[in-house]
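Worksheet: one structure, shown below.
Please treat every number below as a calculation from the coordinates, not as lab data. Only a predicted model underlies this, so the values are computations on that prediction, with no experimental measurement involved. All Cβ positions, even for glycine, are placed from backbone atoms using ideal geometry, and neighbour counts span all protein chains on display.
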């Protein structure tokens, strides 16, 4: 009997690159065109946007409007047993940033106070704009709510995340 390989969608490279493109496309700049996405913020935002139940708890702590989550997004193994390793896996994020940069989808600038700030090039924005089907539609909704945390400092975001980790979902 041959076994079919089981591919976890959240581990698939192209899916992860798509999520990262959507985060960068929507959250890289504030409404006043100030760039705000550092590596730390990208990592926190990526973690939150892929875990909607966790995101809701963080939004609640920050006194922000929560999102409506389908049962299918709430009652998953990943939601009920959160893998916090993803939150600290800088190497994985750096590999994805290198891939997007090699395709000339990323732009970045250096700020002496915040470090490197990331955004998408016009080509990257075009590609991110094409991600509209399937689960990317939900990711976009989660990112819309996440935008209310865009101006929070990385330490404040980590404080919210640590509080939710201690309390549990």
Report task. In square nanometres and to one decimal, what's the mean projected area of the convex hull around the Cα atoms of the range 18-70? Result -> 4.2 nm²
Report summary line: Quick note on 58, 164, 84, ordering by fewest other C-beta atoms within 10 Å, gives 84, 164, 58
Query raised in the report: Where the Cα atoms of the range 12-167 are projected onto their three principal axes, how long is each span, largest first, in whole Å?
Result: 39, 36, 30
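Counting other C-beta atoms within 10 Å, which of 135, 105 has the fewest, and how do the rest follow? Please list the in-between numbers first.
Numbers: 135 15, 105 23.
So the residues, fewest neighbours to most, are 135, 105.
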Query raised in the report: Among 86, 12, what is the fewest-to-most ranking by other Cβ atoms within 10 Å?
Result: 12, 86
